[in-house]
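The values are calculated or read from the model by the stated rules, or taken from the named source; none is laboratory data. No experiment lies behind these values; they were computed from the predicted model shown. Quick reminder, even Gly has a Cβ in these numbers, built from the backbone with ideal geometry, and neighbours come from all protein chains shown.
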Amino acid sequence: MEQHTQYALLAISGSLRKASFNTLLAKYLKHIAPKNLSINTMTLHNLPLYNADEDVSSSPESVKFLRDSISNCDGLILVSPEYNYGPPGVLKNAIDWASRPAFNSVLKSKPVLIITASAGPAGGTRANAQLRDTLAGTLSRVVVRKQVAIGTVNQKLEGNRVNDPDTTELLKDSLNDLVLEIKIARLFSREN
Ligand SMILES: Cc1cc2nc3c(=O)[nH]c(=O)nc-3n(C[C@H](O)[C@H](O)[C@H](O)COP(=O)(O)O)c2cc1C
């Protein structure tokens, strides 16, 4: 019975690049997800830089859209490159917008899976760790698991697909872990 529960996931890419490997990976998740998962993907092209002066009830439409999309999903997936040993500014900026009001935002208690991918061999492990640290400030429930950091991603994509079975398995496993975190979060919210 439980396995038929539907979950709505939102995958946000940390790259604005047209041919982004991370955006491709975010979209690829839909193809490998079990039938009970729906996955919307989002890029951050229209989001302005965070400005507390604009963070008022009439905040920019793109900010409202970001917050509503996160609020309406059961679980969030960040799929990001590493820029200079950290996450790209566009993704940090989106987390900053989504994180307000502080400790009571749409990110509070939200299950989040972090995926990083890079053409480099380490797959963005430092950005991955820094994202976890940043999300701690939002009280979201970052999935506890071995890092999903995909190195030499440029060699693992063919067209719109991942051609490396180990990477596909890793992504499937990580989706399962996100669903588990959603279930735990629901249990926890019923008990408290
Ligand atoms: C400004 C900049 C800094 C980068 N720094 C790193 C880095 O620290 N570590 C790394 O693995 N790759 C680094 N890269 C390479 C990117 O991770 C790589 O280009 C990746 O494919 C970009 O992601 P995308 O294909 O989703 O756009 C950097 C790229 C740029 C443009």
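Among residues that are among the charged types (D, E, K, R) and surrounded by fewer than 19 Cβ atoms within 10 Å (Cβ to Cβ), residue 141 is not included.
Restricted to the range 12-28, and to residues there that are more than 9 Å from the ligand (Cβ to nearest atom) and touching a helix residue (DSSP H, G or I) at 6+ places or on another chain (Cβ under 8 Å), the residue that is nearest to residue 124 (Cα to Cα) is 12.
In the range 22-66, the qualifying residues are those that are among the hydroxyl-bearing types (Ser, Thr, Tyr) and part of a loop (DSSP other than H, G, I, E, B), and the one that is surrounded by the fewest Cβ atoms within 10 Å (Cβ to Cβ) is 57. Among the numbered conditions (1) touching a Leu at 6+ places or on another chain (Cβ under 9 Å); (2) within 23 Å of residue 28 (Cβ to Cβ); (3) surrounded by fewer than 19 Cβ atoms within 10 Å (Cβ to Cβ), the only one that residue 152 does not meet is (1). Each residue in the range 94-133 was checked for being among the hydroxyl-bearing types (Ser, Thr, Tyr), buried (at least 18 other Cβ atoms within 10 Å of the Cβ) and under 30 Å from residue 58 (Cα atoms), and 2 pass. On inspection, residue 5 does not qualify as buried (at least 19 other Cβ atoms within 10 Å of the Cβ), among the β-branched types (Val, Ile, Thr) and either over 14 Å from residue 175 (Cα atoms) or under 17 Å from the mean Cα position of the chain (by Cα) (or both). Within the range 67-96, if we keep just the residues that are under 19 Å from residue 29 (Cβ atoms) and part of a helix (DSSP H, G or I), the residue that is farthest from the ligand (Cβ to nearest atom) turns out to be 72.
Yes or no: residue 31 more than 15 Å from the chain's Cα centre (by Cα), modelled with pLDDT of 95 or more and within 15 Å of the ligand (Cβ to nearest atom)? So residue 31 does not fit the description; no.
Applying a threshold of 7 Å to beta carbon distances and a minimum spacing of six or more residues, or different chains, the list of pairs starting in the range 29-43 at a residue that is free of Cβ contacts under 8 Å to residues at least 24 places away in the same chain and ending at one that is part of a strand (DSSP E or B) reads 30/39. Among the residues of the range 1-21, the one identified as in a loop (DSSP other than H, G, I, E, B), in contact (Cβ under 8 Å) with a residue 24 or more places away in the chain and under 17 Å from residue 161 (Cβ atoms) is 20.
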